[in-house]
1. If you check residue 152 against the conditions, is it part of a helix (DSSP H, G or I) and either surrounded by 13 or more Cβ atoms within 10 Å (Cβ to Cβ) or among the hydrophobic types (A, V, I, L, M, F, W, C) (or both)?
2. Please find, among 134, 170, 123, the residue that is modelled with pLDDT under 95, open to solvent by less than 50 Å² (accessible area, probe 1.4 Å) and more than 15 Å from residue 65 (Cβ to Cβ).
3. Considering each residue of the range 70-94, count those that are within 14 Å of residue 160 (Cα to Cα) and under 23 Å from the mean Cα position of the chain (by Cα), and give that number.
4. Taking the conditions exactly as written (polar (S, T, N, Q) and within 22 Å of residue 14 (Cβ to Cβ)), does residue 170 satisfy them or not?
5. If a residue has to be among the polar types (S, T, N, Q), open to solvent by 70 Å² or more (accessible area, probe 1.4 Å) and not in a loop (DSSP other than H, G, I, E, B) to count, how many in the range 33-75 make the cut?
6. What pairs come out if I take residues in the range 132-148 that are touching a residue at least 60 places away in the same chain (Cβ under 8 Å) and under 20 Å from residue 116 (Cα atoms) and pair them with residues that are open to solvent by 30 Å² or more (accessible area, probe 1.4 Å) and in a helix (DSSP H, G or I) whose C-beta lies under 6 Å away, six or more apart or interchain?
7. What helices (runs of 4 or more DSSP H), lying completely within the range 77-142, carry at least 3 residues that are under 30 Å from residue 49 (Cα atoms)?
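The values are calculated or read from the model by the stated rules, or taken from the named source; none is laboratory data. Please read these numbers as outputs of a predicted model, since none were measured by experiment. Neighbour counts run over all protein chains shown; Cβ positions are idealised from the backbone, glycine included. SASA here: full protein model, heavy atoms, side chains in, ligands and nucleic acids out. Shrake-Rupley method; radii C 1.70, N 1.55, O 1.52, S 1.80 Å.
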Amino acid sequence: MPPNRRLAEIADRIDRLTAAIGRTVMWCGLAMVVLQVMVVLMRYVLGVGSIWLSEAIVYAHATLFMGASAWTLQQGGHVRVDIFYADAAPRSRAVVDLLGAVVLLLPFCCVLAWFALPYVGRSWAILERSREASGLPLVFLLKTLIPVFAVLLGLQGIAQAIRAALVLTSAPAEADH
């Protein structure tokens, strides 16, 4: 298998993983809506509050945001200055994508993971719980989403860098299609 084809296959596998995780965690959006409706009905109809349900909404939101961020990057949904990028040639876009991934995204993911791992490790060591007596006993799992986020976003950055490099190393006529 040619090296370029092997790299493209690696990028495709990362894309499939990212999409699968993104499609799975998007169900957290529905869970957030259902839980929020339950909290409102319980509070205003039954006069009962639930810290557990309120925290579950926060957990679902964090899972959705952290789990789907790489998928959002893959789909081009993150903020970018499109003034120049939208009208740029494919090779110019590839340069921007490659530099953005290598100079900004991947170092950010590495630094985030580096600082998050001890933070998460301390949380796991004590099996950190909510500060609220009736809150969820899973704060350590919630904090685990931080390095997971860094890894997923970093992997998607690698896939983008591979695709950009493939555009830049292909013949100019191929890159423009």
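1. Yes, satisfied.
2. Numbers: 134 fails: open to solvent by less than 50 Å² (accessible area, probe 1.4 Å); 123 fails: modelled with pLDDT under 95.
Being modelled with pLDDT under 95, open to solvent by less than 50 Å² (accessible area, probe 1.4 Å) and more than 15 Å from residue 65 (Cβ to Cβ) holds for just one of 134, 170, 123, which is 170.
3. The qualifying residues number 11.
4. Yes.
5. Residues that pass the stated criteria total 1.
6. 142/59; 145/66
7. Values: elements: 82-85, 90-99, 106-125.
Fully inside the range 77-142 and qualifying: 106-125.
Rundown of residues vs (1) out of contact with any Phe, Trp or Tyr (no Cβ under 8 Å at 6 or more places or on another chain); (2) closer than 25 Å to residue 144 by Cα, yes/no style:
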{"position": "66", "(1), (2)": "no, yes"}
{"position": "69", "(1), (2)": "no, yes"}
{"position": "73", "(1), (2)": "yes, yes"}
{"position": "87", "(1), (2)": "yes, no"}
{"position": "97", "(1), (2)": "yes, no"}
{"position": "103", "(1), (2)": "yes, no"}
